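> The structure's right below; bear with me while I get my questions together.
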Amino acid sequence: MIQAFIFDLDGTIINTEKLKAESYGHAIDELTSGTVSFQQVQKDFFKYVGSPRKTVVSNLVQDYYEQLKSNTSEDDKLILIKMVLEKRLKIYNRLIVDPVVIRQNIFMDVFETIHKLNNLGKPLALATMSENYHTHKILQVTHLKDLFKFVLTSNDVLNGKPNPEIYLKAANMLNTDPVNCLVFEDSLNGIEAALNAGMQVIAIPNELTQKQVIESGIVSKNQLITEHAGLWNKVSELSNLKKQYYGKTKTTTRRN
């Protein structure tokens, strides 16, 4: 029986994966003087979606090492990682504090599902591979912070997804057996992490992650949502919540 609900953040509640792809694309395009295009980085970024920042930037520097070395006259990979990260973060930090950008990138059906579950008094947690600063900035702008009983970020674990550490820690904090937790995830790494933790999963991939998730066959059709509009019905089906929700007085969902 589902007793607790755990949400990923990036690409699940808000399309920050798109914003991250943009920030890496612009940063590497600039540093390679256009020899690696913005579009190429965006295309390749999806391979690392759901991984910790250090993993993403290290892999992208490895992918484009020769072009970065040639155009920056720097052959030390650690320095190149620092250069890419600093340039990319300046771009990303501007995006996530802009309420207009955030509003444009919220997945409203997921946002409303969080509110509905909260209205039912269900325990909710957030488990993201984003770092603490960015996570709390986004939760502040979206007014979601107070709806989660616990918020876990990459700062709270040693191992990133697909390692199950963050989900097992969330279940422990919620005082719930992992098998009774339902996880909402968009990326292959995140889905693997939840399954490795022994949890139930609803996969809700976005345009960056959908092809990879579907082709992997990691979840059954019953666990996969490709149209967000069907999300609440799926949650209700798996958790037997529909009667509970509609038996209560509805609370208007706050839109941002």
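The values are calculated or read from the model by the stated rules, or taken from the named source; none is laboratory data. Here the structure is a predicted model, which means the values were calculated and not measured. With ideal geometry, Cβ positions are generated from the backbone for all residues, glycine too; neighbour counts draw on all protein chains shown.
> Scanning for something without any contact (Cβ under 8 Å) to a residue 12 or more places away in the chain and surrounded by 14 or more Cβ atoms within 10 Å (Cβ to Cβ), does the range 142-152 turn up at least one residue?
yes
> Consider only pairs whose beta carbons are under 7 Å apart and that are at least six residues apart or on different chains; among these, list those whose first residue lies in the range 51-68 and is in contact (Cβ under 8 Å) with a residue 24 or more places away in the chain and whose second residue is of a type in the set (A, V, I, L, M, F, W, C) and surrounded by fewer than 19 Cβ atoms within 10 Å (Cβ to Cβ).
Close Cβ pairs (under 7 Å, with a partner that is of a type in the set (A, V, I, L, M, F, W, C) and surrounded by fewer than 19 Cβ atoms within 10 Å (Cβ to Cβ)) amount to VAL57/ILE81.
> For the range 31-77, enumerate the residues that are closer than 22 Å to HIS134 by Cβ, over 19 Å from the mean Cα position of the chain (by Cα) and crowded, with 21+ Cβ neighbours inside 10 Å.
Answer for the range 31-77, where residues must be closer than 22 Å to HIS134 by Cβ, over 19 Å from the mean Cα position of the chain (by Cα) and crowded, with 21+ Cβ neighbours inside 10 Å: LEU31, VAL61.
> Under 16 Å from SER51 (Cα atoms), crowded, with 20+ Cβ neighbours inside 10 Å, touching a residue at least 12 places away in the same chain (Cβ under 8 Å) and touching a Phe, Trp or Tyr at 6+ places or on another chain (Cβ under 7 Å): is that true of ALA170 in this structure?
Judged against the criteria, ALA170 is not a match.
> Right, another one. Scan the range 187-211 for residues that are modelled with pLDDT under 95 and of a type in the set (Asp, Glu) and jot them down.
Of everything in the range 187-211, just one residue is modelled with pLDDT under 95 and of a type in the set (Asp, Glu), namely GLU207.
> Would it be correct to say that THR113 is of a type in the set (Ser, Thr, Tyr), at pLDDT 90 or above and part of a helix (DSSP H, G or I)?
Here the answer is yes, as THR113 does meet what is asked.
> I need the full set of residues from the range 116-144 which are under 19 Å from LEU95 (Cα atoms), part of a helix (DSSP H, G or I) and of a type outside the set (A, V, I, L, M, F, W, C), in order please.
Passing the criteria: ASN132, TYR133, HIS134, THR135, HIS136, LYS137, GLN140, THR142.
> Does GLN62 count as over 21 Å from VAL183 (Cβ atoms) and modelled with pLDDT under 95?
no
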